[in-house]
Amino acid sequence: MIIGAVFALGLATAVPAQEADIRATINSQLDAFQADDFGAAFEFASPNIQRLFGTPENFQRMVTQGYPMVWRPADVRYLELREEGSTYAQRVMITDRQGRVHVLEYRMLETGAGWRINGVQILDSSEFAA
């Protein structure tokens, strides 16, 4: 019984232990976007994403055209973090400069260089709209 409680406690603390590092990675990329430093922002992408886009310039086009809310957010709030096998899914609520609410799911991958963003999906944010 005690072993089960200790094991359950270990699982309960596993996600919060990763949470600060995952949020720091996302925040660092958002800060790089704010500074229009797409080279730095590209460094927070996983190796797979870097291979997919090839250059910071290609990455910049994708972000500015497809994800303008992350390029120029007005407000960022972190929602739930879920462990999914060897990756984590961090939901983030972003309010853009026009006041529109967007909910995104960041797929996070731990690499030898730390946490990296392995994809971002825009979710239905209608339940969060004011």
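Summary value for the range 2-128: 20 percent relative contact order, contacts being C-alpha pairs under 8 angstrom separated by 6+ residues. Give me the base-10 log of I(q)/I(0) for the range 2-128 at each q in 0.11, 0.16, 0.19 Å⁻¹, Debye formula, one uniform scatterer per Cα, rounded to two decimals. Debye output, listed in q order: -0.40, -0.79, -1.06.
None of the figures in this text is laboratory data; all of them are computed from the coordinates on show. Since the structure is predicted, the reported quantities are computational estimates derived from the model, not experimental observations.
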